[in-house]
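To start, the structure under review is shown below, and the notes come after it.
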Amino acid sequence: MHPVEMIYNVLCLAVPFSVAILLAALGENFNQRAGIFNLGCDGIMCVGAFLGFMVPYSIKAGALLPYGNVLGVLAAMTGGALLGLLFALVTVTFRASQGIAGIGLQMLGWGLSGTLFRHFVGGVTGVEGIHVYAIPGLSRLPFLGGVLFSHTPLAYLAFLMVPISWFLLYKTPWGLKVRAVGTHPRAADTMGINVDLTRYQALMLGGAMAGMAGSYLALCQAKMFSDDLVAGRGFIAVALVYFGRWSPLGIMGGALLFSIAQSFQLSMQVWGIKFPYEFAVMLPYVLVIVVLALARKARQLGPTDLGKPYNREMRF
């Protein structure tokens, strides 16, 4: 196989692979910018994947049939937002440990989605899902057409969310509040910003985006649901926020880098390269660990009050 063709095949796989991680990481970025570290992102993605699958699966006929996939995505986002609200109640209002609460939310989401799936569906079954929409004209471009312009609408929306997230964080009053409560919540409170409300809003938005990420896996990639569908992508998304230095553009770069490594290990097996399968599967995750280990100064760029509960009654 020609090297250009090999690169083309890897990139064509990498872009759709990056979508779910990108959406979840952009949502997690809002959480962390507000000072909340949400390790439950993976569980929210599980619930989003189940709801995204279950709605079109349940609509067999009727007027809602053409809108089944859209309703599935909306249901996933709603479920994600509600789980974000639950996490906000536990960590913001009750000031529980964010790490422990996040692990609890992950286990809740994974267990709840699997249990409901076995109760209402029972076995592995598929849905029609969301089809690829090739952008007229642009999809015919040599090389770039297949890589960038032949994907599902959710994939285009995911990359569109990169500039939208940047605009929300840096060009709107709400984004200024989010960054303020994550950097110096007491000063923000003194200026009249409702710290708890802002963190609630950020967590609900982050949850909705994680739910959308889960629905992408169920409706666009697998077109089915299973217990291991998310496969730890939520934890990778949390790490990519740190890797991307809390910048939407950096997060997109990290998501693409991880996905290129993932698609490369799959392509190695197709090309028949003699390399231990287990090590090839480990490659994307090892890459993330190595990059995070080398980015020692990145923490200085993040929210200074990340992971710390805020209590206005305590002065020191």
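Points worth noting:
Let's see how each residue does on (1) within 13 Å of A213 (Cβ to Cβ); (2) without any contact (Cβ under 8 Å) to a residue 12 or more places away in the chain:
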| position | (1), (2) |
| --- | --- |
| P3 | no, yes |
| S18 | yes, no |
| G27 | yes, no |
| G35 | no, no |
| F53 | no, no |
| G80 | yes, no |
| F87 | no, no |
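- Matching residues, the range 74-98, being farther than 28 Å from M54 by Cα and of a type in the set (A, V, I, L, M): V92, A96
- So G84, is it in a loop (DSSP other than H, G, I, E, B) and buried (at least 17 other Cβ atoms within 10 Å of the Cβ): no
- Identity of the residue in the range 5-37, crowded, with 24+ Cβ neighbours inside 10 Å and charged (D, E, K, R), that ends up farthest from G146 (Cα to Cα): R33
- Checking V132, V92 one by one, the residue that is closer than 16 Å to Y216 by Cα and either more than 18 Å from the chain's Cα centre (by Cα) or of a type in the set (F, W, Y) (or both) is V132 and no other.
- Here V162, V178, V230 are screened, and the one residue that is under 23 Å from I36 (Cβ atoms), among the hydrophobic types (A, V, I, L, M, F, W, C) and touching an Asp or Glu at 6+ places or on another chain (Cβ under 7 Å) is V230.
- Enumeration of residues in the range 38-78 that are outside any helix (DSSP H, G or I) and either surrounded by fewer than 16 Cβ atoms within 10 Å (Cβ to Cβ) or in contact with a Ser or Thr (Cβ under 7 Å, 6 or more places away or on another chain) (or both): K60, A61, G62, A63, L64
Residue-wise test of (1) under 30 Å from F17 (Cα atoms); (2) at pLDDT 95 or above; (3) surrounded by 15 or more Cβ atoms within 10 Å (Cβ to Cβ); (4) touching a Phe, Trp or Tyr at 6+ places or on another chain (Cβ under 6 Å).
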{"position": "F159", "(1), (2), (3), (4)": "yes, yes, yes, no"}
{"position": "I164", "(1), (2), (3), (4)": "yes, yes, no, no"}
{"position": "A180", "(1), (2), (3), (4)": "no, yes, yes, no"}
{"position": "A187", "(1), (2), (3), (4)": "no, no, no, no"}
{"position": "T190", "(1), (2), (3), (4)": "no, no, no, no"}
{"position": "Q201", "(1), (2), (3), (4)": "yes, yes, yes, no"}
{"position": "A210", "(1), (2), (3), (4)": "yes, yes, yes, no"}
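- Test set (1) modelled with pLDDT of 80 or more; (2) surrounded by fewer than 19 Cβ atoms within 10 Å (Cβ to Cβ); (3) out of contact with any Leu (no Cβ under 9 Å at 6 or more places or on another chain); (4) within 22 Å of S18 (Cβ to Cβ) - G244 fails condition number: (2)
- Qualifying residue in the range 113-124 (condition: of a type outside the set (F, W, Y), under 23 Å from the mean Cα position of the chain (by Cα), surrounded by fewer than 13 Cβ atoms within 10 Å (Cβ to Cβ) and under 29 Å from D196 (Cα atoms)): no
- Failed condition for R95, given (1) under 30 Å from E313 (Cβ atoms); (2) in contact with a helix residue (DSSP H, G or I) (Cβ under 6 Å, 6 or more places away or on another chain); (3) in contact (Cβ under 8 Å) with a residue 60 or more places away in the chain: (2)
- Residues satisfying the stated conditions in the range 39-74, i.e. polar (S, T, N, Q) and at pLDDT 95 or above: N69
- From the options K308, K274, residue that is over 22 Å from L23 (Cα atoms), of a type in the set (D, E, K, R), modelled with pLDDT of 85 or more and part of a loop (DSSP other than H, G, I, E, B): K308
- Restricting attention to the range 105-137, the residues being touching a helix residue (DSSP H, G or I) at 6+ places or on another chain (Cβ under 8 Å) and not aliphatic (A, V, I, L, M) number 11.
The values are calculated or read from the model by the stated rules, or taken from the named source; none is laboratory data. What you see is a predicted model, and the numbers here were worked out from it, not measured in a lab. Virtual Cβ from ideal backbone geometry, glycine too; neighbours counted across all protein chains shown.
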